[in-house]
Amino acid sequence: RSKSGQYRGGCDITFYEGKCFTGRKLEVCGSCGSFQDRGFLNRVNSICVHSGAWVCFDHPDFRGQQYILEHGEYPDFYRWNGRSDHLGSCRPVGMVSGCISIEIFEGSHFSGPSLELTEDCSFLNPPFLPRWVLYEEPNYRGRMYVVERGEFSSFNAWQARSASVQSIRRVINYF
């Protein structure tokens, strides 16, 4: 049982229609491209992450605003930095073991000066374009974008509206 008293039942993440883990629920054990296709309205007010790290999207098909959720309980949408109770899809974040690093470049297509990071960074001087969990504002605030292993030649590749990124955080996986 989790702190909210809900039985885990083998799922990795549970979405609740009401605040504080009340109302209808949707249990997910892997990627879910559409909550509506699973018979669950897109209204989510609380979430319990039982294992792993997850990226949730406010629209179906893994589109729209992204929210990273790590192991723990989120009794209302403010706790995951949400601006509304609207979510439409989710997927687990692929995790790797060993030394994790990121190289960020000032220009697009891997041009200009670069910086390699191995730890979280609460403030980046623009105009660096990072990979990992990227935040538009300092101190892990504002729109966030989850960028996994790979190469991204411009901000469009990680679905951002602009290249404005001012803080960056690693995803830590708890099982």
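Taking interchain pairs and intrachain pairs at least six residues apart, which have beta carbon atoms under 7 angstrom, with the first residue in the range 133-146 and over 18 Å from residue 70 (Cβ atoms) and charged (D, E, K, R) and the second open to solvent by less than 10 Å² (accessible area, probe 1.4 Å) and not in a strand (DSSP E or B)?
Between residues of the range 133-146 that are over 18 Å from residue 70 (Cβ atoms) and charged (D, E, K, R) and residues that are open to solvent by less than 10 Å² (accessible area, probe 1.4 Å) and not in a strand (DSSP E or B), the close pairs are 136/165.
Looking at the range 37-115, what strands (runs of 3 or more DSSP E) fall wholly within it and have at least 2 residues that are open to solvent by 30 Å² or more (accessible area, probe 1.4 Å) and modelled with pLDDT under 80?
Because the criterion is at least 2 residues that are open to solvent by 30 Å² or more (accessible area, probe 1.4 Å) and modelled with pLDDT under 80, the strands (runs of 3 or more DSSP E) in the range 37-115 that meet it are 102-107.
Which of the residues that make up the range 123-139 are over 12 Å from the mean Cα position of the chain (by Cα) and either modelled with pLDDT of 85 or more or aliphatic (A, V, I, L, M) (or both)? Talk me through it step by step, then tell me what you get.
First pass over the range 123-139, keeping only residues over 12 Å from the mean Cα position of the chain (by Cα): 123-131, 136-139.
Residues satisfying the conditions are 124, 129, 136, 137, 138, 139.
The values are calculated or read from the model by the stated rules, or taken from the named source; none is laboratory data. A quick note: this is a predicted structure, and the numbers were derived from the prediction, not measured. Note that each Cβ is placed from the backbone with ideal geometry, even for glycine, and that neighbours are counted across all protein chains shown. Surface accessibility is based on the protein's heavy atoms, side chains included, excluding ligands, DNA and RNA. Shrake-Rupley method; radii C 1.70, N 1.55, O 1.52, S 1.80 Å.
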